[in-house]
Amino acid sequence: MTTETTQDLRIETADSGFYKGFNQFVTIGSKVLILSLALWAMVLPEQAGKVLSSIQGVALGSFGAYYIYAMALFAFVCFAFALIPSVGKIKLGSDDAEPEFSRFSWFSMMFGAGIGIGMLTYATGEPIYHFASNPDIIAGVVEAKSEEALDSVYRYSFLHWGLSAWSVYALVGLSLAYFGFNRKLPLTIRSGLSPLFGSALNGKFGHIVDISAVLATILGIAVTIGFGISQFASGIYNISGAEWMMDAGKPTTAAMLSALVVVMGLSTLSAVSGVGKGIKWLSNLNMSLSFILLAFFLLFGSTWMALELLGKGIVDYLITFIPLALNVEDKGTPLGDWQSGWTIFYWAWWIAFAPFVGMFFARISKGRTVREFILGSIMIPTLVCFIWFTFVGGTALDLELSGQANGQILGADISAQIYEVLNLMLSPAAAKLMSVMIVVLLLTFLVTSADSAVLVVNTINAGGSTAQTDKTHIIIWGSFLTAVIAALLVAGGLGALKTAMIIGALPFSFIMILMTVSLVKAMHSHTQTETEEQTAIEQS
C-alpha cells in the first residue's frame, strides 16, 4: 500500500493489482452497497418498493423541517462569502493560477452538469402543475387555472430552481476547490471536514464520509437520468408514433430501458475520453442547442407574457425568498403534503446531486476567486433557469389560458408536456423537427451528466486523484449506474428512483452541515492570517 500524505490527511491507496491507485475500502464498499440495492430491486421488486417507500415516509415525516432549515443555511452562507470582501477576493489556487477553461465553456459545463435535464422536463411541467395546485390555490387565495394564479405559479417554481438549488452545488464545490487547491488536500469529500476532524479522517470515518458521497451521487444522478430518459422516450414517440413506447400517456418501462442503454453506452464512451475532450465538447453543444431552443420560444412563443412573468416573478421571488426559504408547513395538512411532495423532494434531490456537481464544479474552477465562483455558479444559472421557466412554461400557460390547448398540456404526462406545446404551436412536420432537436439536446444533457458522475465517483474512490485513466473502472461504474437505474425502474418506475434518492440524500445532508461549519472556520482562519501578515508588513 502507498500512503498519499497532504498536511494531516492521508488516504491509503493500493499500489498494485486491479485497484491500483484506489482506496479499496471506499471503492469496494460503494460497489457492494450499490450492487446490493440493484440486486434486491431486481430479485424482489415488490418488497423493495414497499420497504423503500416506508423508509421515505419516515425520512420526510421526521426530517422535513430539517431539510428546509439546512437549505436556507447553505444559501445564506454562500452569499455571506461572496459579500465579505476579504473572503470574496480569495483565489482558488495560487495567486498566479489561471482558469483552465473559458467563461463560456466553464458556464456550459456547470449548467449541463447541474440542472440541464431537469430543466427540460420541469420548465413546462412545474408551471403547468402549479397552475392547477400550489399553496395559494390550496389556501383559497387564488382560483386554480386562472390568470390570478400566475404570480404564485412562478413564486414557487423559482423557489425550487433558484438560489437555493445552486447554493448547494456552490457550497460543496467551493469547499472542495478551496481545500483541494489552497490547502493542497485531496479532491475528495472528506477533505472538506479536515478543519473539524483532522487526522480522524484518515481511517474508517473518512472512508464512510466518501462512501456516503458516492451513494448520494449514484442515487441523485439516477433520478435525473430517470426523468431524462422518460422525456427522451416521449420525444421518440412524438417523432415516430411507435405505440410500444407509450401506455396510457406515459412511457413504457421497455421504452425507458431501451433509452437507458443508449444513453449510458454513449456516456461511458464520453467519460473514457475525459473532461477536456468529450465532456467539454458535449457541454458546449448542449449549451448551443439550449440557446437555439430558447430563441425559438422567445421568437414564436408567448414573448410579452413571458417577459411580464419573468420580471414580476423575479421581484416577487426576491421579496419573499427569506420567508419562503424558512417556511415549514404542518405535517399531514394539504399544505404540508404539497411541501413534502415538492419543496422537500427538491431539497433532497439537490443535496443528493451536490457531491457530484460540487466536485465537478471544483475540478473546472481553479484560478477563479471565491466571489467569481459563487456568482458564476449561482446567479447566472439561476437567471437562465428563470428565463427558461417563463418562456417555455409561460407559452404553455398561455395556450391553456387562451383555451387553445383545451387541457391537452395539463392532461399530458410531465415527460410529454413540452412536446404537446410544440404540437399546438406548429404544423405536424415542424413539431416533429423541433422534437428531434429536443431529443438530441436531451441526449447531450443525459450523456454529460452521466459521464461527469462516473468521473466524479472514480475521483472519490481514488482518494481525490484525478489522474485515474484506467478505462475499466469507468466502464464498471457506468455499468453499475445503469444496473441500479434499470432495477429501480422495474421495481417501481420513477417513483422508486425518487424514493431511493431521498433516502440516500439524508446521510450526506449531515455531512454538508459539517462541511459548512468547516468552511466557515477555514475562511475565518485564512482571512485572519492574511490580516496578520499585512500588519506585519506594514509594521516592518
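The values are calculated or read from the model by the stated rules, or taken from the named source; none is laboratory data. Please read these numbers as outputs of a predicted model, since none were measured by experiment. Methodologically, a virtual Cβ is constructed for each residue, glycine included, from the backbone with ideal geometry; neighbour enumeration extends over all protein chains shown. Accessible surface is based on the protein model in full, side chains and every heavy atom, while ligands, DNA and RNA are left aside. Shrake-Rupley method; radii C 1.70, N 1.55, O 1.52, S 1.80 Å.
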ask   = Tell me, what is the 1.4 Å probe accessible area of ASP413, in Å² to the nearest 10?
value = 30 Å²
key: Rounded Å value of the spacing that divides the Cα centres of region 305-338 and region 38-93   = 20 Å
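Using a 1.4 angstrom probe on the protein heavy atoms only, line up LEU318, LEU383 by accessible area, largest first.
LEU318, LEU383
Between THR529 and GLU46, what length comes free when the chain is fully extended (0.36 nm per residue of separation minus the Cα-Cα distance, one decimal in nm)?
Computed gain between THR529 and GLU46 is 168.1 nm.
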key: region 128-143 - phi-based ³J(HN,Hα) in whole Hz, Karplus 6.51/-1.76/1.60, Gly and Pro as x   = 5, 5, 5, 5, 9, 7, 8, x, 5, 6, 4, 6, x, 6, 10, 8
request  = Could you work out how far helix 303-326 tilts from the main Cα principal axis of the chain, as a 0 to 90 degree angle to the nearest 10?
outcome  = 50 degrees
query = Counting only Cα, what are the radius of gyration and maximum Cα-Cα distance Dmax of region 139-288, in Å?
reply = 21.3, 60
remark   = Rh (Kirkwood, all Cα-Cα pairs) for region 107-179, Å, reads 13.9 Å
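Using alpha-carbon pairs under 8 Å, 6+ residues apart, how would you state the relative contact order of the chain in percent? Intermediate results must be reported in sequence, preceding the final value.
Details: 792 pairs, mean separation 184.5, N = 540.
The normalised contact order for the chain reaches 34 percent.
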remark   = Here region 92-216 gives, from Cα atoms, an Rg and Dmax in Å of 20.6, 59
query = Counting every Cα pair in the chain, what percent are over 44 Å apart?
reply = 13 percent
key: For region 363-376, Karplus couplings with θ = phi - 60° (6.51, -1.76, 1.60), whole Hz, Gly/Pro x   = 4, 9, 10, 4, x, 8, 7, 4, 5, 4, 4, 5, 5, x
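Taking the Cα centre of region 178-334 as origin, sum charge times position over the Cβ atoms of Lys and Arg (+1) and Asp and Glu (-1), and report the length of that vector in debye to the nearest 20.
Details: 9 positive and 7 negative charges, 160 e Å.
About 760 debye.
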task = Roll a 1.4 angstrom probe over the protein heavy atoms and tell me the percent of accessible area of the chain that is carbon or sulfur.
result = 63 percent
inquiry  = If Rh is defined by the Kirkwood formula over all Cα pairs and Rg also comes from Cα, what ratio Rg/Rh do you get for region 308-449?
reply    = 1.01
query = Which Cα, out of GLY341, HIS207, ILE364, lies furthest along the positive dipole direction of the chain (beta carbon charges, K/R +1, D/E -1)?
reply = HIS207
ask   = How much FRET efficiency would the formula 1/(1 + (r/R0)^6) give for ILE322 and LEU196, where r is the Cβ-Cβ distance and R0 is 25 Å, rounded to 0.05?
value = 0.35
query = Quick one: what Rg and Dmax do you get for region 71-140 from the alpha carbons, in Å?
reply = 18.8, 58
inquiry  = Rounding to the nearest 10 and keeping the result within 0 to 90°, find how far the Cα-based axis of helix 45-83 lies from the longest principal axis of the chain.
reply    = 70 degrees
ask   = Percentage of Cα-Cα pair distances in region 473-535 greater than 18 Å, rounded to whole percent?
value = 64 percent
inquiry  = If I model a spin label at SER402 and ILE513 as a point 7 Å from the Cα along the Cα→Cβ vector, what separation in nanometres do I get?
reply    = 5.0 nm
query = Hey, if you drop one equal point scatterer on each alpha-carbon of region 412-540 and run the Debye formula without solvent, what base-10 log of I(q)/I(0) do you get at q = 0.09, 0.11, 0.16, 0.18 Å⁻¹?
reply = -0.55, -0.73, -1.06, -1.15
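Could you work out the equivalent-ellipsoid semi-axes for region 8-74, taking the square root of 5 times each eigenvalue of the Cα gyration tensor, largest first, in whole Å? Intermediate results must be reported in sequence, preceding the final value.
On the way: eigenvalues 211, 114, 8 Å².
Working through the eigenvalues yields semi-axes of 32, 24, 6 Å.
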ask   = Quick one: how many Å² of LYS432 are accessible to a 1.4 Å probe, rounded to 10?
value = 100 Å²
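Considering only Cα-Cα distances, which of the following residue pairs are longer than 18 Å: LYS184/LYS204; LYS20/LYS184; LYS184/LYS366; LYS31/LYS498; LYS31/LYS204; LYS184/LYS471? Display every interim value, and only then the final one.
Working: LYS184/LYS204 21 Å; LYS20/LYS184 22 Å; LYS184/LYS366 12 Å; LYS31/LYS498 20 Å; LYS31/LYS204 16 Å; LYS184/LYS471 27 Å.
Check vs 18 Å cut-off fails for LYS184/LYS204; LYS20/LYS184; LYS31/LYS498; LYS184/LYS471.
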ask   = When the helix-only estimate is applied to the chain (DSSP H runs of n ≥ 4, each -39,500 (n - 2.57), divided by the residue count), what is the mean residue ellipticity at 222 nm, nearest 500 deg cm²/dmol?
value = -25000 deg cm²/dmol
query = Roughly how many Å² is the accessible area per residue of the chain, as a whole number, for a 1.4 Å probe?
reply = 37 Å²
request  = Would you please report the Å³ per residue occupied by the convex hull of the alpha carbon atoms in region 283-332?
outcome  = 163 Å³
